[in-house]
Structure formats: C-alpha cells, structure tokens
Amino acid sequence: NNTGFFVPGEIASEPDGTLESMINANLYSAYYTTRGLVQIMKERRSGHIFNICSIASIKAYSNGGSYAISKFALLGLSKCLREELKQDNIR
C-alpha cells in the first residue's frame, strides 16, 4: 500500500477537513484494501503486506501534523496486522 498526500500547515490553523482527508487517503485506503485481501492470504496460509509509512510515521515535523498523525496510524495498523496475521504465515 503506497498511497497518500501531504497538505502543509499547522494543526491549529489548517482548514476543517484536512485531517479527515489525510486519514481517508493515508490510512483508510490501506486498511480497506488489506481487509479485502487478507482472507485470500489466510486461505493460502501465505502472503506479504507492504505499507509505505513515510519517515513521518516515526518522527513528527512542524507544519505537517495531520500528515504525521495519519502516518503514525498507518504504522500502528501495520504493527497490529503483523501480530494478528503471523500465525497464518502472513508478513
């Protein structure tokens, strides 16, 4: 999963809807795509999931808070999936 976009701006002054737009693109797209494919991977007892999280998933920057929030969440999703799916040989 390698999708997303960045809108520069400080959290306190960004336009309404910025966070929601970034969560939709940067998190939900990966979440729903993965959910749609996991059952097939489980049936095969094999699979690989790659989420491109960005450096912003581990280091917050000024002037890009909503982007970092969405990428932190994507990293969290990736870690949860790793734990949930390892018994099915899905990485």
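Numbers at a glance
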read-out	value
Test: residue in region 73-80 that is hydrophobic (A, V, I, L, M, F, W, C) and at pLDDT below 95	no
Residues located in region 30-54, provided they are within 13 Å of S78 (Cα to Cα), among the small types (G, A, S) and at pLDDT 95 or above	A30
Flag if N63 is among the polar types (S, T, N, Q) and surrounded by 14 or more Cβ atoms within 10 Å (Cβ to Cβ)	no
The listed residue being of a type in the set (S, T, Y), modelled with pLDDT of 95 or more and surrounded by 11 or more Cβ atoms within 10 Å (Cβ to Cβ), out of S70, S13, S57	S70
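Results for (1) aliphatic (A, V, I, L, M); (2) out of contact with any strand residue (DSSP E or B) (no Cβ under 9 Å at 6 or more places or on another chain); (3) not in a helix (DSSP H, G or I), shown as yes or no for each residue.
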residue	(1), (2), (3)
Q39	no, yes, no
E43	no, yes, no
I52	yes, yes, yes
Y61	no, yes, yes
L74	yes, yes, no
S78	no, yes, no
L85	yes, no, no
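The values are calculated or read from the model by the stated rules, or taken from the named source; none is laboratory data. Note that this is a predicted model, so its numbers are computed, not measured. Ideal geometry is used to build each Cβ from the backbone, glycine not excepted, and the neighbour counts take in all protein chains shown.
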